[in-house]
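Input: a single structure, listed below in C-alpha cells.
The values are calculated or read from the model by the stated rules, or taken from the named source; none is laboratory data. All values derive from a computational prediction rather than experimental measurement. So basically every Cβ, Gly included, is an ideal-geometry build from the backbone, and we count neighbours across all protein chains shown.
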C-alpha cells in the first residue's frame, strides 16, 4: 500500500528580484556616488575650463537646445520661409554671438542628449553636471549587470564602484565632455555583440548595430568598434555567424544611421587632427603612450587583477565565451585605433575601454579570493574576510590621486559685462582655448540667447586651424591692433594676462602692449583672480571698456 501524497505546502516560493528593480537601485546609488566624487573634485563650483574643449561642448549643447526651440517656434508660426535658410541664418547668427559651436567637427548625439536633458530641466552648470553623473551611473549599471550574472552581487558592486572612482573617469564626468556618453554607447555595443556571439539571437545583433551607430555619432572613437567586432569573431572562431542576416542587418543600421553624417563631415572632423593623415611617425609614439596610460588609468593593483583575469579567461583549454572575447577585442581595438588616428595624445580616449578592463579585473579578483574545492574548512571560512580586505585595498589604491578641477576667474568678468553692456555691444576675449571657452560659456549660460556678441581674439586677431596649426597674425603692427580695437566695432575687452609665457601667442602679446601703452583708452571695469588646475595664477583677468577713437 502506497502512502498518500503529501499535500502541497501553501508557502509561496521566494520571488526572484526583478532585474529592473535591481538596476534602478544600482543607478540611484551610482548617481549618488558620482555626485559625491564631483563635489570632492570641485566640479560643481568650477567653470568649464577642465579641458580646452569643455566650453565648446557646453555651448554646442546650448546651440542644439536653442535650435530645437527655434524649430518649434518656426513650426508653430506656420513655417514661413525656407527651412534651410531659416536654419542657416539661425546657425550663423548663433555662432557670431558665441563662437565656440563645434557641431560638424564633433558628431551630434552628445548635444542631442544634452538638449533632451536641459529642455525639461535647465542648462545651468549643476544641471548639466548631474546629467554627466547620470551617464556615468548608466555605465555602472551596465557593468554591474554583466558582472552580477557571472560572479554575484558583491564582486559586481566592486566593479561598479571602481568604475565611478578611477581618477581618469572621475575627472571626465566632472567635465562637459563626450567621453562618458561615448562609454555608454561603446560598452553597450560590446556587451550586445558578446551576447550575439553567445546566443546568436537577432535582437542582440540589432542592439549592437544601434549602439554602434550611436557611438559613432557621439565621438570618433566609436569607429574602433569596426575593428572590435571582427577581432571578437576571430577570437571565438564563430565564423558561421558571418552567414547570419542579423549580423549584416546590424551593419546596415550603422551605415544608415551613422554613415551620412560621418561622410558629410569627414573633412571637418580632420580639423582636430594634429597630422593630416595617419602615419608611422604618430603611431610609434602613440602606441607606447596609450599602453602606458591604460595601466595608469586602472592603477597598479587593478592592473595586476586585470592581468590575472585575462589569463584566467583566455588560458589554453578554458575556451572564450563571446562576452569576454568581445571585451578583450574591444580593449585592443581602442588602443590600436587611438594609435592610428592622429587626434593627439590624451588619456581620455581610453576611458571607453575601462569598463571592459574592469570586467577582467573583477574576474581576477574573484579568482584570487575564491577558495579552491580542495581548500580546508578554515580557508573557506576565511575567504569572505580575505575578499573584503582585498576589495578595500583595491578601492583605496584606485581612488588616488584626489585632484581638484579648479578653473575659475571668468565668471565675475561675464557678470560685470552683462550688468553694464548694452545689448548690441561686442566683447573681445583674449586667453588660451580654455579661457576663451570659459568666458563664452559663462556669458551664454546667464543670458537669453543669442544675446551679446563675443569675439575670440585667437580668431579676430589671428588665424589658425581647429587644432591651432597654421597660426598667422591678422595685424602686422601694434598700431593696427589699436586702430581695430578703438574703431567702435568693439566695446569691451576681456584680457587674460596669466597665460604662461611658453603658451602665449603673438596676438596676446600685441594686446598686452597695446593696453599698456594706451591706458587712457581702456577703462578698467572689473578684475578677478584666475585659477588653473586649482593653482592661483600670477596675474588677474581684467575687463576693460574701450574708449572709441574720435
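For the stretch 248-266, which residues satisfy the criterion of being touching a residue at least 24 places away in the same chain (Cβ under 8 Å), over 14 Å from residue 210 (Cβ atoms) and outside any loop (DSSP other than H, G, I, E, B)?
261, 262
Checking residue 538 against (1) in a loop (DSSP other than H, G, I, E, B); (2) within 22 Å of residue 98 (Cα to Cα), which single condition isn't satisfied?
Status for residue 538: all satisfied but (2).
Residue under question is residue 487, and the condition is that it be surrounded by fewer than 22 Cβ atoms within 10 Å (Cβ to Cβ), part of a loop (DSSP other than H, G, I, E, B), at pLDDT 90 or above and outside the structural domain of residue 342 (by TED's automatic domain parsing); does it hold?
yes
Which of the residues spanning the stretch 401-430 are part of a helix (DSSP H, G or I), within 18 Å of residue 55 (Cα to Cα) and touching a strand residue (DSSP E or B) at 6+ places or on another chain (Cβ under 6 Å)?
Correct list: 412, 413.
Which condition number in (1) assigned to a loop (DSSP other than H, G, I, E, B); (2) touching a residue at least 60 places away in the same chain (Cβ under 8 Å); (3) in contact with a helix residue (DSSP H, G or I) (Cβ under 6 Å, 6 or more places away or on another chain) is the one that residue 475 fails?
Condition not satisfied by residue 475: (2).
Before we move on, is residue 444 more than 23 Å from the chain's Cα centre (by Cα), buried (at least 21 other Cβ atoms within 10 Å of the Cβ), within 26 Å of residue 52 (Cβ to Cβ) and in the same structural domain as residue 494 (by TED's automatic domain parsing)?
For residue 444, the condition - more than 23 Å from the chain's Cα centre (by Cα), buried (at least 21 other Cβ atoms within 10 Å of the Cβ), within 26 Å of residue 52 (Cβ to Cβ) and in the same structural domain as residue 494 (by TED's automatic domain parsing) - is not met.
Out of 207, 238, I need the residue that is at pLDDT below 95 and either in contact with a helix residue (DSSP H, G or I) (Cβ under 7 Å, 6 or more places away or on another chain) or farther than 21 Å from residue 338 by Cα (or both). Which one?
Details: 207 fails: at pLDDT below 95.
Residue meeting the stated conditions: 238.
Could you list, in sequence order, all residues of the stretch 488-520 that are within 18 Å of residue 460 (Cα to Cα) and more than 36 Å from the chain's Cα centre (by Cα)?
488, 489, 513, 514, 515 - these are the residues of the stretch 488-520 that are within 18 Å of residue 460 (Cα to Cα) and more than 36 Å from the chain's Cα centre (by Cα).
What are the residue pairs meeting all of these: first residue in the stretch 273-302, first residue more than 20 Å from residue 351 (Cα to Cα), second residue part of a helix (DSSP H, G or I), Cβ atoms under 7 Å, and 6 or more apart or on different chains?
275/282; 278/340
Considering only the stretch 107-114, I want to know if a residue exists there that is in a loop (DSSP other than H, G, I, E, B) and free of Cβ contacts under 8 Å to residues at least 60 places away in the same chain.
The answer is no; no qualifying residue exists.
Just to check your reading of the model, which residue among 59, 69 is within 20 Å of residue 173 (Cβ to Cβ) and either surrounded by fewer than 15 Cβ atoms within 10 Å (Cβ to Cβ) or not assigned by TED's automatic domain parsing to the domain that holds residue 117 (or both)?
Criteria check complete, one pass: 59.
Would you mind finding the one in 326, 352, 361, 357 that is out of contact with any strand residue (DSSP E or B) (no Cβ under 8 Å at 6 or more places or on another chain), modelled with pLDDT of 95 or more and either closer than 20 Å to residue 220 by Cβ or not in a helix (DSSP H, G or I) (or both)?
352
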